[in-house]
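Only one structure is covered here, and it is reproduced in the block below.
Every number here is computed from the coordinates shown, using simple stated rules; none is lab data. For clarity, every value in this text was computed on a predicted model and none was experimentally measured. Here the Cβ is made from the backbone with ideal geometry for all residues, glycine too, and neighbour counts use every protein chain on show.
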Amino acid sequence: MSKRIDLAVPFVEKEEAKQFFVEWDEVQRVWWTTEEFMCEGLERWLPFQPTPEEVLAVLPPFSSTETERQHVELLAQTCEYPEWLLLMLPGGLWGAFLRADLDSRAASAVVEGDYAQGCCYVSRTPADTLTFMREHRVYQGVLRGEDDHWSQGDNRQDDLDEAQPWHCTGQLTIGQHTIEVQLPLSCANLIAHLSADTPVLEKDSPLSLAVFAHLDRFTPSSVKSPLNKQLDLAYEISQKLRIPLSVEQRENRAACVAFIEQHKTDLTLYRVIFTEIDRGSWPLAKRINNYVKWSTAKTLLDTGVPWESIAEALGVKTRATVEKYAAKATEAENETPELLTIPLYQDLIRLGRGGRSVDLALREMAETQAWEVFSRERRIRSVLRRQSSAAS
């Protein structure tokens, strides 16, 4: 019998995994396949295993030193894009350095004078470098209006109101494929008609294929916008993996799809690492939330607040419950004295008592830790790939 292989499939990727021969184990709550059906397409969902220490011991450095990081930061000039460092380099050069690369060998390359290797972009003027930064940003939220310049065309008149939209958008379904259609604002009625009245042709019918071929041939690349689902995934990759997303990748469907294809394996790795870390924080979140509730009851009782008011604040009904909570607070302090001494616990307790979400705070910590683990592992694997390529 072929050996079973468990897979670490994030929930949001289960539909992708189901395209292969996989099954769901309801008891262990894990997707799995067998050696017989294991294939390259499933490799991205193999459980995460950090690179063994014995492998790391023989690798060249894959991270920068504190001195190198400080050197790069001293070169940095004022820049409005928080994910970038604008470096003033020797020889009248200006470099766009991704802040997330400070811990990597990219910082070492800058110190060694290999600016092309260390920076994402190098030019003779700060204006050109800032333009690159603006057009290759890590997604940080909704784009500002002035960044959506591509749809305005080159014939914009100065006397027109720039606050008004310059294009209208509709969705057109042909052969069970949905595409976005963008036309000048004067074509709004046409867009509405297409969206409402265009028949859904049979998939792969000659007419469907002919229409798509025509659209692909005669539609400029600058207006082939990704569908919202694709663009949302590209934004997630950009933000979580701290990879710049260019204007072309935001605007052109083919570039957006290529960006997703290039980085989807890394996104899966990040999601798996985050899920493990986040799941590990659930017991702590439960412990802190319970203690906040119990200690609140204890503190208020000790200060003479009527039990009725305490019960109303905590969402309970009886005095016995309030007193039970106070007793549990004392019990928790005796069993886990770390609640009163460890700074992390104290910070979380203060958050909970202040009405803020302990769960959200721990999730943010998990995201930070997941990025650190993922970033380190990505750099290690990059070094291993380069060594493998050089050896072959």
Q) Say R0 is 25 Å: what FRET efficiency, to the nearest 0.05, do Asp302 and Leu344 get from their beta-carbon distance? A) 0.50
Q | 5 angstrom amide H check on Leu245, placed H, neighbours 5+ away | A | Arg137, Val138, Tyr139
Q: Quick one: which residues, 5+ away or cross-chain, put their amide H under 5 Å from the amide H of Trp84? H built at 1.01 Å from N.
A: Arg99
Q: Could you please rank Phe62, Phe259, placing first whichever residue has the fewest other Cβ atoms within 10 Å of its Cβ?
A: Phe62, Phe259
Q: Can you tell me the relative contact order of region 263-392? Whole percent, Cα pairs under 8 Å, sequence separation 6 or more.
A: 35 percent
Q: Rounded to whole Hz and in sequence order, give me ³J(HN,Hα) for region 47-62 from the Karplus expression 6.51 cos²θ - 1.76 cosθ + 1.60, θ = phi - 60°, writing x for Gly and Pro.
A: x, 6, 10, x, 4, x, 4, 5, 6, 4, 5, 9, 8, x, x, 10
Q) Within a Cβ distance under 15 Å of Thr34, other residues only, what is the Lys/Arg minus Asp/Glu net charge? A) -4
Q.
Skipping prolines and chain starts, which residues have an amide H placed within reach, meaning under 5 Å, of the one on Thr34, given they are 5 or more residues away or on another chain?
A. Ile5
Q | Sorted by Cβ neighbour density within 10 Å, fewest at the top, the residues Lys18, Lys229, Lys328 | A | Lys229, Lys18, Lys328
**Q.** FRET efficiency, 1/(1 + (r/R0)^6) with R0 51 Å, evaluated for Asp6 and Arg217 via beta carbons
**A.** 0.65
Q. Among Cys79, Cys39, which comes first, then next, by fewest other beta-carbon atoms within 10 Å?
A. Cys39, Cys79
Q | In sequence order, calculated HN-Hα J values of region 334-339 (Karplus, 6.51, -1.76, 1.60; Hz; x Gly/Pro) | A | 6, 6, 10, x, 4, 4
Q.
Taking R0 as 25 Å, what FRET efficiency do you get between Thr51 and Arg29 from their Cβ-Cβ distance, rounded to the nearest 0.05?
A. 0.40
**Q.** Members of Lys14/Lys240; Lys18/Lys286; Lys18/Lys240; Lys229/Lys286; Lys18/Lys229 lying beyond 27 Å, as alpha-carbon distances in this model show
**A.** Lys18/Lys286; Lys229/Lys286
Q | Proximal lysines relative to Lys317, as straight alpha-carbon distance under 18 Å, when same-chain residues fewer than 8 apart are discounted | A | Lys293, Lys298, Lys328
Q.
Residue by residue through region 100-111, what is 3J(HN,Hα) from phi via Karplus (6.51 cos²θ - 1.76 cosθ + 1.60, θ = phi - 60°)? Round to whole Hz and write x for glycine and proline.
A. 5, 8, 4, 7, 9, 5, 4, 5, 4, 4, 4, 4
**Q.** Separation of the Arg363 and Ala210 label points, Cα + 7 Å toward Cβ, nm
**A.** 5.1 nm
Q. Between region 1-25 and region 310-364, what's the alpha-carbon centroid distance in Å?
A. 39 Å
